[in-house]
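Q: What follows is a single structure, and I will ask about it in a moment.
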Amino acid sequence: MNFSDRLKREREKKGWSQAELADKIHVSRQSVSKWETGKNYPNIEIIIDLSDLFGITIDELLRSDEELKEKVIQDSKQLAYPKWKDLFDSIFLLGVFLLVFKIIILALNHFFGTNILILEGLPKVVTNFLPLILMVIGGIGSDQLKNKYI
C-alpha cells in the first residue's frame, strides 16, 4: 500500500475529515488532499507528526512508497546541508575579511605614511596567502556541498 492510500485509510479509521486532520497537524486541507491523491508529499516533520497521531511507525508509512522514501532521504540531506554550508561560508568570509584588512593596512602605509605591521612574527608567505587560501577552501567546500546535497 502506498503512502497516499495508507494516509487516507488511517484518517478514515479515526473518522476524521481532511480538514480535521489538517487542523491537527497545522496544515491546509488542500495539503492533505494532495497527499491523499499522490500529487504531493509531506516533509519529514509532518510524516513524524502523522505517525505519532495515528500511532503507527514511520516505517509503516514509508516502507511501500519508493517515491516518498526518496523525498525523505533528500529532505534529510538538506537538513544537514546548512550546517556545513555555514562553516564553509564563514571560512570564505574570514578570508575576505583578512584580505580587505590587509589592503586597508597597505593603503594606510602607502598613502598616509603609517608604519603598521601585519603579524610581524609570521613568515610573509602566511600573511600574504592566508586570505586567499581561506577563500579557496571556503569556496571549494561550499561548491562540493552543493553538488553532494542538492
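Q: Charges at C-beta only: +1 for Lys and Arg, -1 for Asp and Glu. How large is the resulting dipole of region 1-100 about its Cα centre, in Debye rounded to 20? Walk me through the intermediate numbers first.
A: Numbers: 16 positive and 18 negative charges, 35 e Å.
Roughly 160 debye for region 1-100.
Q: So what are the ³J(HN,Hα) numbers for region 115-131, from phi and the Karplus equation (6.51, -1.76, 1.60; θ = phi - 60°), rounded to whole Hz, Gly and Pro as x?
A: 10, 7, 9, 9, 6, 4, x, 8, x, 4, 4, 5, 5, 7, 10, 4, x
Q: Specify whether the C-alpha gyration tensor of region 1-67 places it in the rounded, prolate or oblate class, a ≥ b ≥ c being the square roots of the eigenvalues: rounded for a/c under 1.5, otherwise prolate if a/b is larger than b/c and oblate if not.
A: rounded
Q: Another question, if that's okay. Does the chain classify as rounded, prolate or oblate by the C-alpha gyration tensor (a ≥ b ≥ c root eigenvalues; a/c under 1.5 gives rounded; else a/b over b/c gives prolate, otherwise oblate)?
A: Prolate.
Q: Taking a probe of 1.4 Å, how large is the accessible area per residue of the chain, in Å²?
A: It amounts to 66 Å² per residue over the chain.
Q: Okay, moving on. How large, in percent, is the carbon and sulfur part of the accessible surface of the chain at a probe radius of 1.4 Å? The partial results should precede the final answer.
A: Numbers: 6040 of 9870 Å².
Using a 1.4 Å probe with all protein chains present, the chain comes out at 61 percent carbon and sulfur.
Q: Any lysines with Cα under 16 Å of the K85 Cα? List them, leaving off those in the same chain fewer than 8 positions away.
A: K77, K146, K148
Q: Projected onto the charge dipole of the chain (+1 at Lys/Arg Cβ, -1 at Asp/Glu Cβ, origin at the Cα centre), which of L119, L61, F92 gives the Cα projection farthest towards the positive end?
A: L119
Q: Which of the lysines could a cross-linker bridge to K39, judged by Cα under 20 Å and excluding same-chain residues fewer than eight apart?
A: K8, K69, K71
The values are calculated or read from the model by the stated rules, or taken from the named source; none is laboratory data. Note that the structure is a prediction, hence the values are computed from the model and not measured. Methodologically, a virtual Cβ is constructed for each residue, glycine included, from the backbone with ideal geometry; neighbour enumeration extends over all protein chains shown. In case anyone asks, the SASA skips ligands and DNA or RNA and just uses the protein heavy atoms, side chains included. Shrake-Rupley method; radii C 1.70, N 1.55, O 1.52, S 1.80 Å.
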